[in-house]
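The values are calculated or read from the model by the stated rules, or taken from the named source; none is laboratory data. Please read all numbers here as calculations on a predicted model, not as lab measurements. Glycine gets a Cβ as well: all are built from the backbone with ideal geometry, and neighbour counts include every protein chain shown.
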Ligand code: 9Z3
């Protein structure tokens, strides 16, 4: 059985109030994102805002400890590449140090093991890349440099939950001016719980005080104001993660009913990189990676993006 629907938290109107400290650079980033969106939209390109990675929830103001979650950012980083390949400009709102488009392919490789030192003439030297250690590096580098030269990827970093919330709000407002040319692809794993600044101890919690009990508040659901107020014409895709497959689709449908956006990509923790269901008001589409596709290094994100593109086109034409 699915759990009962939780009460909508107080800040569901999108007013983040003083409970979430805004990052100092939020206005500067808002301007960058608005310029990026308007420039690309004016030249006929669609723009997708991808959120990616987990969020950090501090337990102390001078933070020593925090709550985190499992998300690696692989979904967001690989999807960014497929959106770029499909002609979108991408704002990549990602957790600091989570996986990043293109370079993600070399996670776990020790860079120094893939480089060779070669002395040159007259005291010069060269550093060479061993392409066996970095498979496909020439092709990946070419793609990355082309994306960079065309200014198609705008990376924006967050670390804490507060930073994420403020930057997402700024992004949504920045993309509003391009209407249905904008897509939101909300793949970040965002904490549902937090400790308000007003209730957080300033200093490190002392273990000498004995076992720790914490009480956390519900994080406001940003999807509601995003769809209703901040970017009401945009094409919005949220993600739903469960660990119990038997409640997955019910939860995804409930999210669609509650927030009234275009689609939910539903996934289960253990199988998330091989199986998802794209749920819309009138359809339910299972995407599965076969064993053969896994062997060929095809990724489920390619299928997700390929599935969403015609839906976005149709939405824009409505
Ligand atoms: C997802 O469900 C993503 O697919 C994953 C990707 C985070 C599972 P990785 O980063 O994993 O590749 O390791 N994202 C959304 C998760 C989420 O918190 N959704 C909320 C919920 O389920 C709704 S907004 O309640």
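The residue that is farthest from the chain's Cα centre (by Cα), counting only those in region 76-103 that are part of a helix (DSSP H, G or I) and surrounded by 21 or more Cβ atoms within 10 Å (Cβ to Cβ), is 84.
From the list 175, 186, 153, 161, the lone residue that is in contact with a helix residue (DSSP H, G or I) (Cβ under 8 Å, 6 or more places away or on another chain) and within 28 Å of residue 63 (Cβ to Cβ) is 186.
Across region 167-207, the qualifying residues are those that are in a helix (DSSP H, G or I) and without any contact (Cβ under 8 Å) to a residue 60 or more places away in the chain, and the one among them that is nearest to the ligand (Cβ to nearest atom) is 176. Residue 250 passes every criterion in (1) more than 11 Å from the ligand (Cβ to nearest atom); (2) modelled with pLDDT of 95 or more; (3) touching a helix residue (DSSP H, G or I) at 6+ places or on another chain (Cβ under 8 Å) apart from (3).
Restricting region 47-75 to residues that are within 18 Å of residue 202 (Cβ to Cβ) and part of a loop (DSSP other than H, G, I, E, B) leaves a set whose member that is farthest from the ligand (Cβ to nearest atom) is 62.
To keep it simple, each residue is scored yes or no on (1) touching a helix residue (DSSP H, G or I) at 6+ places or on another chain (Cβ under 7 Å); (2) at pLDDT 95 or above.
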{"position": "3", "(1), (2)": "no, no"}
{"position": "13", "(1), (2)": "yes, no"}
{"position": "16", "(1), (2)": "yes, no"}
{"position": "23", "(1), (2)": "yes, no"}
{"position": "30", "(1), (2)": "yes, yes"}
{"position": "38", "(1), (2)": "yes, yes"}
{"position": "51", "(1), (2)": "yes, yes"}
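Does region 100-109 contain any residue that is modelled with pLDDT of 95 or more and touching a strand residue (DSSP E or B) at 6+ places or on another chain (Cβ under 6 Å)? For region 100-109, residues modelled with pLDDT of 95 or more and touching a strand residue (DSSP E or B) at 6+ places or on another chain (Cβ under 6 Å): absent.
Residues of region 216-227 being farther than 15 Å from residue 60 by Cβ and not in a strand (DSSP E or B), which ones? Before you say what the answer is, go through the steps one by one.
Restricting attention to region 216-227, the residues satisfying the condition of being farther than 15 Å from residue 60 by Cβ are 217-227.
Scanning region 216-227 gives 219, 220, 221, 222, 223, 224, 225, 226, 227.
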